[in-house]
């Protein structure tokens, strides 16, 4: 409390001498906004921040070590003794893209149960108590492209942490009571997704984009699929899919390299690789093009998504497309969508365009939320903004510059912590990008030209093929009717 | 989900105001939100105009987390203008005499005309049924065309773009009940840019595009509160729990107040609270402290201090009996329960944080073990002890699984809280919580941003050293303390319960 008291005294002291003056001065600045005060004449700054000159800053990002174990498990590691902690992250090619139609939700359920169910040698309760007593966290979960297990542990407790890390990856127990618990909780999440307009439209738009492909399904599964899963299916999935040659491990923090190598060899060295029973993901079929869909929900704000299929993570045009999308709607406040729809129009708090770039073909989707009466006006404005941005000659040099400079200058934040560095490299390998991608990124970015942007805009963005999904109340229907657009009403209650 | 995060990171870009519920009153995604050590080598530097700077050098990455926080939040509002602190936060991104404009002189007369018309229009609308709709329509058209005229001179979102161009990330701001914080991360060689822009927006702000931004803020409210069952329930909960204190309304403000904002109200607010003597600058990262002091002196030193803002005098009276409220909404059921507790500086606060850990952190806490693991009655349950400038609350929220009644959930929570009053807790449970908080502190050292945010938050609420003090006090908490504090605060006469009751679709 001491500094607080001091600060109060001081501010009283200094404000009394200036009180009258400063009060009047501020009033003048705000109400008339013209006069310059005397104090600011002493302000020895450049007139505009554009004129500031910055010192050079060397950029020598750390590079992690990589090695491959005999069984194919890939390891990235980066040591940093400055904080007495270790993080480990196993990324496993075990996403829901590998599910068959009768397995919807199995990848995610299995991944979640690695941790929740404990291992064959350490029941869940015992593992929970030991880990939490030392403030460590161990978590597992699944997504569309991969499943993952992550560990955070103080370096003094690393042996215990890696013990459990190995156990849940290699010998999860899948006890029946925990399977039931997880099924119940996931079913509840499905039910509660229907309370959230963002979740509803996210799921429904994916169905429009991907039809029956795993990318079009809810990775959590369905009420029916979850109810149908037996313990044997989880065991079988784990046995087939969780193999060392499908794992990229990244480890960072306070440890010796020899210790890590020895530990990983002890724990994972005798785990045999196998590709038997491992499915190829399905091909993505053409999605529904140029259609309009409506979901009725009695809310005073509509949620709108529109777009079409986009690109994979390893697409060679990803960098110019990223620059282009920065200008369109990926650059936040510096983007055209935010400037036109939000800042000028006052139509929306949320508006953005996204190329999501997953393992398989992703989406180019624009999202916005606006009050009922503005639903179609805001949607049409957003679509117009995109159409204009991809017209040849329409981008300004300033915009292109800003997008490139921004990406160039904030690149350093990819290397903020040792964990973010190992993760960045592990991710490159997972998505099949070249291992010199990060080294060459800055140069590739600098080399992006206006012609590149116009070319990728023409190739990957097609406003005439956008499908549109609107969630809103019954006052939205006449607004769509006014545009003489035929649309299909989707029901979300049936699942 | 139970109030865990109001951030809109799903969109892949940062949105200006994670504001409102995301800080201060909410159940944060991590249950322990504290624990810096007083031994952190923070340098406290004070400028003559009363501005405080907290400087923490760390050289592991060539970056700096920069924040400037003001001791103003929804606490400083009154009925009629709720949400002003947050609206003002939005306006602070609209530029200055130099930023966001091609010709500020030319804008001034247009803005004056717009304000005059907008005020007339608001006055007319407030007449309700008697309002002259023709006049309203006419003024709306005039305002629209004046705004169009002003746009000739506006450079949209220039402040953010100047930052972004130089590699600024995590550009954002948030408003809580107790304070408002402007945040940003920059490459280490760009600190002068930060000084230029931040000092400029305190010294020469221009609240242009005010009326469009009002609509944006209203959309933000629709997203966070109106169309989000949990947001709606949270709002009802706060107004049930607090009757007198400004914690009773959310930072976003009531819809009718948002509709009636006037530019002059924001200017008054600004004048009162955005003074150097009411602010704290925090830098954490790769810089030289002596150079930092010189930069801060150069840019902020000549901004005049202002009279100390008026104190917040309203105190929540003692609650004299259990309170209940119901929200009928087309969504699945959920519940919040809350007991009035203490302010950040109270010696019982660290004990409440240990209780939070015992009840609600990790998989070995009591609520998780019983309600999720053993009896499988909820999909989520969380407890949270507010760390607020004025007396706050201990809050528990839960979402039942299908088929489990909300009464069962409430009864179970009451039983677990009752056990804290009736029995002493195991030493193991307390030690686990203490160890976890220590480990969380180590984890925080990874992030300049998190350290900066903690320092800014605590400086605004009670002085930054409170971070270390609470940390140390937590380590001293005993089983007897836990029982005593549970008996003192977590009793039925001090309890508020709100329940979301699903709308009966067949009946409507």
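Nothing in this text is a laboratory measurement; each read-out follows from the coordinates by a stated rule. Everything numeric here is computed off the predicted structure, so don't read it as measured data. Quick reminder, even Gly has a Cβ in these numbers, built from the backbone with ideal geometry, and neighbours come from all protein chains shown.
Points worth noting:
- Bridge orientation summary for the protein assembly as shown: considering DSSP beta bridges with both residues in this region, about 75 percent are antiparallel.
- Debye log10 I(q)/I(0) at q = 0.08, 0.13, 0.17, 0.18 Å⁻¹ for the stretch B:323-502, Cα point scatterers: -0.27, -0.70, -1.13, -1.22
- Placing a pseudo-label 7 Å from each Cα along the Cα-to-Cβ vector at residue B:149 and residue B:484 gives an inter-label distance of 6.9 nm.
- Taking the empirical scaling 2.2 N^0.38 Å for compact globular proteins as reference, the stretch A:292-490 has a Cα radius of gyration ratio of 1.11.
- Kirkwood Rh (inverse of mean 1/r, distinct Cα pairs), the stretch A:320-360, angstrom: 10.4 Å
- Estimated [θ] at 222 nm from DSSP helical runs (n ≥ 4, -39500 (n - 2.57)) normalised by residues in chain A, nearest 500: -13000 deg cm²/dmol
- Counted by neighbouring Cβ atoms within 10 Å, the residues A:366, B:314, B:493 run from fewest to most as B:493, B:314, A:366.
- Prolate/oblate/rounded call for chain B, Cα gyration tensor, a/c under 1.5 rounded: oblate
- Paramagnetic reach from residue B:140 (point 7 Å along Cα→Cβ, amide N under 20 Å) across the stretch A:324-357: A:341-349
- Among A:462, B:86, a tally of other beta-carbon atoms within 10 Å of each Cβ gives an order, fewest to most, of A:462, B:86.
- Spin-label model, residue A:54 to residue A:298: label points 7 Å out along the Cα-to-beta-carbon direction sit 5.3 nm apart.
- For the stretch B:367-386 and the stretch B:237-291, distance of Cα centres in Å: 33 Å
- Overall Cα dimensions of the stretch B:456-508 - principal axes, largest extent first, Å: 56, 33, 17
- Mean residue ellipticity at 222 nm, helices only, chain B: -13000 deg cm²/dmol; runs of at least 4 DSSP H residues each add -39,500 (n - 2.57), and the sum is divided by the number of residues.
- FRET efficiency for the residue B:374 to residue A:227 pair, using the beta carbon distance and R₀ = 22 Å, is estimated at 0.50.
- Computed Rg/Rh of the protein assembly as shown, alpha carbon atoms with Kirkwood Rh: 0.94
- Between residue B:113 and residue A:189, the C-beta separation translates, for a Förster distance of 51 Å, into a calculated FRET efficiency of about 0.45.
- When the Cα convex hull of the stretch A:215-288 is projected onto planes of every orientation, the mean area is 8.6 nm².
- Estimated FRET transfer efficiency (residue A:439, residue A:492; beta-carbon r; R0 45 Å; 0.05): 0.45
- Gain on full stretching of the segment that runs from residue A:47 to residue A:401 - 0.36 nm per residue minus C-alpha separation: 125.3 nm
- Tail fraction, Cα-Cα pairs, the stretch A:375-450, threshold 15 Å, whole percent: 70 percent
- Kirkwood Rh (inverse of mean 1/r, distinct Cα pairs), chain A, angstrom: 26.3 Å
- Note on the stretch A:61-208: Kirkwood hydrodynamic radius from all Cα pairs is 17.3 Å, rounded to one decimal.
- Across all directions, the shadow cast by the convex hull of the stretch B:162-232 built on its C-alpha atoms averages 6.6 square nanometres.
- Rg/Rg_globular for the stretch B:102-143, with Rg_globular taken as 2.2 N^0.38 Å and Rg from C-alpha atoms: 1.38
- Taking 0.36 nm per residue of separation and subtracting the current Cα-Cα distance, fully stretching the chain between residue A:171 and residue A:258 would add 28.8 nm.
- Of the peptides B:319-331, A:181-193, the ranking by mean beta-carbon count within 10 Å, highest at the top, reads A:181-193, B:319-331.
- Its Cα gyration tensor gives the stretch A:97-174 an equivalent ellipsoid. The semi-axes, each the square root of 5 times an eigenvalue, are 25, 13, 9 Å from largest down.
- Projected label distance in nm at residue B:422 and residue B:256, using a 7 Å step from Cα toward the beta-carbon: 4.6 nm
- Our analysis of the stretch A:334-383 gives Rg over Rh at 1.05, with the two radii drawn from alpha carbon positions and Rh computed by the Kirkwood formula.
- The stretch A:235-389 - Debye-derived log10 I(q)/I(0), Cα point model, q = 0.08, 0.11, 0.14 Å⁻¹: -0.43, -0.68, -0.84
- Each part gets one Cα centre, and for the stretch A:209-248 versus the stretch B:393-422 those centres are 34 Å apart.
- Within the stretch B:264-307: backbone nitrogen closer than 19 Å to the residue A:82 label point (7 Å, Cα to C-beta): B:283-292
- Each pair of Cα atoms in the stretch B:9-300 enters the Kirkwood radius, and Stokes-Einstein at 10 °C and 1.306 mPa s then converts it into a translational diffusion coefficient of 77 µm²/s.
- Comparing Cα centroids, the stretch A:123-162 and the stretch A:317-340 end up 38 angstrom apart.
- For the stretch B:206-273: rounded, prolate or oblate by the Cα gyration tensor [a/c cutoff 1.5]: oblate
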